[in-house]
Amino acid sequence: MTPADSRATVDCARNETADRSAALLSVRQLVKTFPGRRTRTGRATPPVRAVDGVSFDVRAGETLGLVGESGCGKSTTGRMLVRLLEPTGGSVAFDGVDISHLGQRAMRPLRRSLQMIFQDPHSSLNPRQRVSRIIADPMLVQGIDAGAARRRAAELMEQVGLIPEHLDRYPHEFSGGQAQRIGIARALATQPRLIIADEPVSALDVSIQAQIVNLLERLQQEMGLAYVFIAHDLSVVKRVCDRVAVMYLGRIVEIGERNEVYTTPAHPYTRALLSAVPVPDPVVERARERIVLQGDPPSPAEPPSGCTFHPRCFKARDICRTDQPLLRITGRGEREVACHFPETESV
Ligand SMILES: Nc1ncnc2c1ncn2[C@@H]1O[C@H](COP(=O)(O)OP(=O)(O)OP(=O)(O)O)[C@@H](O)[C@H]1O
Ligand code: SF4
Ligand SMILES: [Mg+2]
């Protein structure tokens with residue numbers, strides 16, 4: 001059996017045992033491959049397997065953090081979850097409905113419940129539209145009349161901490177933090193149940209980041225929202241998430257309950273990422289272990305053999321160069337780790 005075959009077997013087993021009905025969002029073996037292109041010299045570049053068999057669930061009202069270095073496939077995953085991108089393989093089920101290949105028309109009723117917030121607030125807002133139009137648009141698409149949509153837009157401005165009288169302004173008249181609040185108001189317009197937040201605070205000043213995170217937490221409590229919170233900043237994720245999934249080169253390498261992952265990371269990559277997060281206590285900060293990752297992540301167009309993390313891993317052995325480790329339950333609880341030598345087992 002090839003590593004890919006054995007992975008498929010294990011994932012089938014996970015599919016059978018996982019209770020899809022309990023999850024609001026259920027993602028199974030999600031794959032996105034971007035085709036290669038032709039360079040100026042006529043050479044064809046290989047296809048990019050940006051997301052390579054990702055599986056997870058999100059329950060109603062919870063926050064799942066999706067973390068990893070730049071280029072590991074976080075945004076591509078997020079875009080497939082809301083069907084801004086069509087998966088090459090695998091499935092996304094929202095509230096029990098398989099949306100993986102639904103067309104625009106069939107997606108329309110589900111779009112109410114499934115929204116996205118983007119990293120760069122200004123570039124995600126149409127500069128030529130007034131804020132009233134930007135926030136009302138998702139409601140107009142759902143058939144709500146213009147007067148009611150405008151009134152609701154004013155309420156939403158207030159709910160996200162903006163002045164309703166500023167409804168007729170344009171996006172450039174707002175700061176970055178205010179523009180992100182507009183993006184959040186737009187996402188809330190249709191009373192969603194799940195929001196995919198793709199690096200929602202990364203482009204903002206640190207002081208503003210805290211305000212937006214507070215706002216997202218308050219809205220979650222008020223409206224029972226679930227979030228998939230995409231970020232590369234592990235401190236932010238620690239604060240907002242119930243569970244965390246760590247991605248490396250298109251795959252989840254560790255997923256589990258937040259406190260478990262943060263206090264006893266089992267995958268060497270998770271350990272390395274967490275070792276780079278500063279600790280506020282100066283005594284602990286001086287004493288803590290630091291693992292410096294060598295080099296940059298490899299290209300998903302030419303992934304290394306076996307465990308794709310092996311060229312950078314401080315624990316790599318011969319088997320890591322040849323055999324791809326499967327995501328499997330490690331230790332207690334629901335934690336899953338893809339490593340031949342996870343931290344909780346004796347090596
Ligand atoms: N439209 C596309 N065509 C070809 N390759 C793409 C496309 N979109 C993304 N990729 C590639 O897919 C991989 C994953 O990209 P993605 O944007 O999902 O990563 P990310 O984890 O969100 O990174 P970042 O933290 O920088 O936002 C990268 O190698 C990227 O270059
Ligand atoms: S499988 Fe091997 S190379 Fe991969 S993370 Fe585990 S120890 Fe490191
Ligand atoms: Mg991204």
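Between residue 145 and residue 105, what length comes free when the chain is fully extended (0.36 nm per residue of separation minus the Cα-Cα distance, one decimal in nm)?
Between residue 145 and residue 105, full extension yields 12.4 nm more.
How high is the FRET efficiency between residue 214 and residue 301 when r is their beta carbon distance and R₀ equals 45 Å, given to the nearest 0.05?
Details: r = 40 Å, r/R0 = 0.88.
Approximately 0.70, to the nearest 0.05.
Starting from the amide H of residue 227, placed 1.01 Å from N in the peptide plane, find each other amide H under 5 Å away whose residue is 5 or more places distant or on another chain.
62, 63, 64, 195
Taking just the alpha carbons, could you work out the radius of gyration and Dmax for the stretch 44-202, both in angstroms?
16.7, 54
First check a/c for the stretch 16-132, with a ≥ b ≥ c the square roots of the eigenvalues of its C-alpha gyration tensor; if it is under 1.5, answer rounded, and if not, answer prolate when a/b is larger than b/c or oblate otherwise.
On the way: a/c = 1.78, a/b = 1.17, b/c = 1.51.
Oblate shape, in that a/c is at least 1.5 and b/c is the bigger or equal ratio.
Within a 10 angstrom radius of the beta carbon, how do 98, 198 rank from fewest other beta carbons to most?
Result, fewest neighbours first: 98, 198.
Each label point is 7 Å from the Cα along the Cα-to-Cβ direction; what then is the distance between the points at residue 275 and residue 22, in nm?
3.5
Could you calculate, for the chain, the ratio of the Cα radius of gyration to the Kirkwood radius, expressed as Rg to Rh?
Answer for the chain: 0.99.
Can you classify the stretch 240-279 as rounded, prolate or oblate using the Cα gyration tensor, where a ≥ b ≥ c are the square roots of its eigenvalues, rounded means a/c under 1.5, and otherwise it's prolate if a/b beats b/c and oblate if not?
It is oblate, given that a/c is not under 1.5 and a/b is not larger than b/c.
Treating only the Cβ of Lys, Arg, Asp and Glu as charged (+1, +1, -1, -1), what charge dipole size does the chain show about its Cα centre? Round to the nearest 20 debye. Show your work: numbers first, answer last.
Details: 45 positive and 40 negative charges, 195 e Å.
About 940 debye.
Pairs of alpha-carbon atoms within less than 8 angstrom and 6+ residues apart define the contacts here; what relative contact order does the chain have, in percent?
So the answer I get is 19 percent.
With every atom except the alpha carbons ignored, what do you get for Rg and Dmax of the stretch 81-169, in angstroms?
15.3, 46
Going by how many other Cβ atoms sit within 10 Å of their own, how do 123, 113, 207 line up, fewest first?
By the 10 Å Cβ count, ascending, the order reads 207, 123, 113.
At a Förster distance of 41 Å, what's the computed FRET efficiency of residue 158 paired with residue 318, Cβ-Cβ distance as r, to 0.05?
Details: r = 61 Å, r/R0 = 1.50.
So the FRET efficiency works out to roughly 0.10.
Please list 3J(HN,Hα) in residue order for the stretch 302-314, calculated via the Karplus relation 6.51 cos²θ - 1.76 cosθ + 1.60 where θ = phi - 60°; whole Hz, with x for glycine and proline.
Residue by residue, the stretch 302-314 yields 9, x, x, 6, x, 6, 5, 8, 4, x, 10, 8, 6 Hz.
Evaluate 2.2 N^0.38 Å with N set to the residue count of the stretch 214-303, then give the Cα radius of gyration divided by it.
Rg over 2.2 N^0.38 Å, computed on Cα atoms: 1.24.
Which whole-angstrom value gives the distance between the alpha carbon centres of the stretch 280-300 and the stretch 195-272?
The stretch 280-300 and the stretch 195-272 have Cα centres spaced 18 Å from each other.
Let's test the formula: R0 of 22 Å, r as the Cβ-Cβ distance of residue 291 and residue 334. What FRET efficiency results, to the nearest 0.05? Write down the numbers at each step before the final one.
Numbers: r = 25 Å, r/R0 = 1.14.
According to the calculation, E is roughly 0.30.
Hey, which lysines would be in cross-link range of residue 32, C-alpha to C-alpha under 20 Å, not counting anything within fewer than 8 residues on its own chain?
Partners found: 74.
Every read-out reported here was derived from the displayed coordinates using simple, explicitly stated rules and does not represent laboratory data. Predicted, not measured: the structure shown is a model, and the values here were computed from it. Please note: Cβ atoms are built from the backbone with ideal geometry, for glycine as well, and neighbour counts cover all protein chains shown.
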